[in-house]
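The values are calculated or read from the model by the stated rules, or taken from the named source; none is laboratory data. Just so you know, these numbers come straight off a predicted model, no measurement behind them. We place every Cβ from the backbone using ideal geometry, glycine too, and count neighbours over all the protein chains shown. Please note that ligands, DNA and RNA were not included when accessible areas were found on the heavy atoms of the full protein model with its side chains. Shrake-Rupley method; radii C 1.70, N 1.55, O 1.52, S 1.80 Å.
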Amino acid sequence: MRIDAVTIFPDYFDALNISLLGKAQEKNLIQFQAHDLRKWTFDKHKTVDDSPYGGGAGMLMKPEPWGLAFDELLDPEGETIVIFTNPAGEVFKQATAYELAKAEHIVFACGRYEGIDQRVIDYASTEAKVRLISIGDYILNGGEVAAIAMIESIARLIPGVIGNAESLAEESHNESGLLEYPSYTKPASWRGFDVPEVLTSGNHAAIAAWRHAQQVERTKAVRPDLLSD
Ligand code: SAM
């Protein structure tokens with residue numbers, strides 16, 4: 001999968017060179033590149049923002065550099081998915097990650113200031129599949145952290161990126177809709193806290209039943225909304 005990110009802070013994306021995603025890039029399972037939007041500006045100050053028509057606080061990202069970025073990065077056959085990081089978009093979920101893990105090419109458009117001129121989104125929709133995606137109901141300063149979160153979540157679903165693919169099946173937010181059960185490792189007793197006896201019993205059926213009960217209990221307590229979905 002090819003992934004591009006357009007941003008005024010490409011250094012944020014250095015985090016993707018670490019650990020499993022760094023290895024996935026070395027193995028060519030993903031080809032990632034961050035692009036500085038200012039590369040597509042031509043004035044002395046490399047300006048990417050301007051004041052909003054109609055007034056209001058803050059600045060907006062102006063359309064021209066984005067148009068040139070899309071001219072360079074989008075697949076002419078329209079196969080690219082452009083994701084605008086946007087707190088007013090659909091909320092990113094594990095199901096979204098599974099869907100996007102099938103894509104061949106994704107371009108993340110990272111907003112800053114008060115966001116991006118609406119015509120950039122309207123234009124991109126004529127050239128590519130466009131999605132506006134939020135990573136949650138809160139406001140970040142820019143789209144970089146949101147894009148990194150999505151890229152990590154999408155890329156780990158690409159075959160070969162995670163060493164043990166079975167670990168994906170047991171995680172929270174998979175199809176079961178249940179959160180993961182609590183987990184323990186050695187030592188069996190630590191600072192007065194003991195590992196639940198059932199986990200050291202060797203009885204696999206009893207362990208599976210205990211884990212399922214824990215999942216249901218935890219989900220009811222912390223995220224009852226997941227059970228009613
Ligand atoms: N004025 C915008 C609003 O009220 O919806 C918020 C702009 S925010 C300060 C700047 C940029 O950060 C946004 O354009 C978007 O790219 C990114 N951003 C902020 N919160 C986000 C979130 N929850 N999910 C995804 N992107 C977000």
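Accessible surface area normalised per residue over the range 1-156 is 53 Å², counting heavy atoms of protein chains with a 1.4 Å rolling probe. Put simply, the Cα atoms of the range 103-226 extend 62, 31, 27 Å along their principal axes, the longest span coming first.
When the alpha carbon gyration tensor of the chain is reduced to an equivalent ellipsoid, the three semi-axes, largest first, read 41, 20, 16 Å.
Relative to the longest principal axis of the Cα atoms of the chain, the long axis of helix 118-127 lies at roughly 80 degrees.
Placing unit charges on each Cβ (+1 for Lys and Arg, -1 for Asp and Glu) gives the range 113-229 a dipole about its Cα centre, and among Ser125, Asn164, Ile135 the Cα reaching farthest toward its positive end belongs to Asn164. The magnitude of the dipole of the chain, with charges of +1 and -1 set on the Cβ of Lys/Arg and Asp/Glu and taken from the Cα centre, is near 580 debye.
When you restrict to C-alpha pairs under 8 Å that are six or more residues apart and normalise by the size of the chain, the relative contact order lands at 20 percent. The angle separating the long axis of helix 144-155 from the principal Cα axis of greatest extent in the chain is about 50 degrees. The base-10 log of I(q)/I(0) for the range 1-77, evaluated at q = 0.24, 0.25, 0.27 Å⁻¹, reads -1.10, -1.14, -1.21 [Debye formula, identical scatterers on Cα atoms, solvent excluded].
With charges only on Cβ, +1 for K and R and -1 for D and E, what is the dipole size of the range 74-124 about its Cα centre, in debye, rounded to 20? That gives the range 74-124 a dipole magnitude of about 240 debye.
Its convex hull of Cα atoms gives the range 54-137 a direction-averaged projected area, equal to a quarter of the hull surface, of 6.1 nm². Surface composition of the chain: carbon plus sulfur atoms contribute 53% of the solvent-accessible area (1.4 Å probe, protein chains only, all chains present). Shown here for the range 146-211: chymotrypsin sites (Phe, Trp or Tyr not before Pro) in loop regions (DSSP other than H, G, I, E, B) with at most 14 other Cβ atoms within 10 Å, namely Tyr184. Cross-link partners of Lys220 among lysines, defined as those whose alpha carbon lies under 29 angstrom from its own and excluding same-chain residues fewer than eight positions apart: Lys93, Lys186. Across the cross-link table entries Lys39/Lys102; Lys39/Lys129; Lys62/Lys102; Lys23/Lys102, which are compared at the Cα atoms, the separations over 26 Å belong to Lys39/Lys102; Lys62/Lys102. Dipole size of the range 115-195 about its Cα centre, with +1 on Lys/Arg Cβ and -1 on Asp/Glu Cβ: approximately 140 debye, rounded to the nearest 20.
Gyration tensor analysis over the Cα atoms of the range 188-229 returns equivalent ellipsoid semi-axes of 25, 15, 4 Å (largest first, whole Å). Taking a ≥ b ≥ c as the square roots of the eigenvalues of the alpha carbon gyration tensor, the range 157-197 is oblate, as a/c is not under 1.5 and a/b does not beat b/c.
For the chain, excluding the exposed loop sites themselves (GluC sites (Glu not before Pro), DSSP loop, at most 14 other Cβ atoms within 10 Å), the longest remaining stretch covers 1-76.
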